Structure formats: structure tokens, C-alpha cells
1. Percent relative contact order of region 1-143, based on C-alpha pairs within less than 8 angstrom and at least six residues apart?
2. Can you tell me the 0 to 90 degree angle between the C-alpha axis of helix 230-240 and the longest principal axis of the chain, rounded to 10?
3. Please compute the contact order of region 113-267 in relative form: average sequence separation of alpha-carbon pairs under 8 Å and at least six residues apart, divided by the residue count, as a percent.
4. Hey, what's the per residue convex hull volume over the C-alpha atoms of region 1-147, in cubic angstrom?
5. For a quick size check, give me the Cα extents of region 2-288 along its three principal axes, largest first, whole Å.
6. Describe numerically, in nm with one decimal, the distance between label points set 7 Å from Cα along Cα→Cβ at residue 57 and at residue 272.
7. Along its principal axes, what span do the Cα atoms of region 141-262 show, with the longest given first and each in whole Å?
8. Nearest 10 degrees, 0 to 90: what angle lies between the long axis of helix 252-265 and the longest principal axis of the chain (Cα atoms)?
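Every number here is computed from the coordinates shown, using simple stated rules; none is lab data. Note that this is a predicted model, so its numbers are computed, not measured. With ideal geometry, Cβ positions are generated from the backbone for all residues, glycine too; neighbour counts draw on all protein chains shown.
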């Protein structure tokens, strides 16, 4: 049983890493599409839904016993949270820049750990807390605040607020997904994106949708790859991993986002940012492999009252 659990955790870690590597490119595609956050999320859900439906039908997981009222209810609440997460995060990109929105959004692992403690009574070891602290320090080093961003303080603060709101809703969705353990990740994602289409349909600016190929290619990639594939990997990982490990591996996301900024928009990485990236990877590895920061507490021998101890 222990080997099976270890195998499950390793598989979940690989799924989480893959999901974060792909997810780190989404800011680039959102900005390149030139669409409003509502339009991007609507198209994402509209394209992601048939992709996920085809996968669910192929796997034969759309069955009556899987679609209980409890499952549908929890998945719907989680879906509303994830749709809010997407809209707020995409709105933050244009106001606080991809980099600053990303760093603010990546406060979600700490919210996730806190919710894990409150909801599941999960215990955090001193070493895990220390690694999360190292990752947070790295995160602060990764993003360099540019004067041009701060020159528009109203939009900057609004963007940071949107990113923090997105982080909260992501944590809420993750906690709800933990409650659905045993339900296929593909089915959860299908319910959620279908709900997203219904929720956002009244708010879409249909006249502003793209009329050329490249913006549709950006939106298509977001819908099929970043939704149909990433959320299968992500939800599968969340169900397999302890909350603290999910939080640590989430720090891979900002590294990829910063690299995308460099290649897509010419943002140069300073040595401080590279040092921060190294700290983030170190912290993720530390939690993933169980490296101890705090030494084991050595117990003093019990007193034997003058008698010989066995």
C-alpha cells in the first residue's frame, strides 16, 4: 500500500509539473489575442468543452453513477470559482503586466495551504513551512517592478487586486476538487467549462471577436491545450498530491511566465530574477523529495530510576 501511495504521488507530481509548464505560457497568448478577459474565457470554455466531452466519451466515464447531485453541485461551485479565477487573472495582465500579475497570483499556494489546514485539518511540518518561505522569497526576487508599471498607479493597484482575487478563487476551486476525489478529473473539468459557457454568454462582446487567423490560433490553443489538456493534468494532480506539495510545485508557473515575457516581449532577466527562479526550483524540489530543513528532534533517554534499561 505504501508503494502504491508513493507511485500515486510521483505520478501526481509529474502531472502537476506538466500542467504548470504549459500554464506559464497562457499570459502570452491572452495578450497576443487582443481580446477582453470575458471573451477569452468564453472562447476557452466553448472550445474546451467539446474537447473534454470527446475525451470523456472515449474513456466511457459519463455514467449515471458518476453524475450524482453531490458531484454536479460541487463541480458547479468549483466551476464558478475557476471561471472567476480566469476572468480576474486575464484582466490583471493588461493592468499590472504579466509579470506583476503572475507574482501576485502566485500567493495562491499560501492560500491553498491555509485552506488545507482549515478544511482538511492537514498538518504542515516545519520543513515544509521553511521551503514555502524560501519559494516566496524567490518569487519576490523573480519579478522586477518597472517604473512604467508604477506610472499608472490606479491601474497597477487594480490589476494586483484582480490577481489576488484570482488566487483566492483558485484556492477555493482546488479545495472543492479535493472533495471530489474518485470523480474523474476529465468529468470535473467538463462540468466546469460547460458552466463557464453558460455564465459568460451574456457578457461576451461578439462583435469584437477576431476576424483573422492568428488571434483565433491563440484562442484555440488556450481552449484546447490550456483547458482540455492542462486541467485534466491539474485536477488529476490535485487529487493525488498533499496540499503542501501542490502548493510548492505551483511555483514552477511564474518561472515559465517570466521566460515567455523574455521571448515574446523582450523582457530581460536580471541576475536577481535568475536567483529567485533558482530558489523557487530548490523549494519545489525540497518539498517534492522531502528534504529536511529542520533537523529531527532527538529525544532524551528515559530515566530508569537506577534500574537497568532494556
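1. So the answer I get is 26 percent.
2. Its long axis makes an angle of about 20 degrees.
3. 41 percent
4. 171 Å³
5. In descending order, the Cα extents are 56, 54, 28 Å.
6. Taking the two extended label points, one gets 5.4 nm.
7. 49, 40, 25
8. 40 degrees
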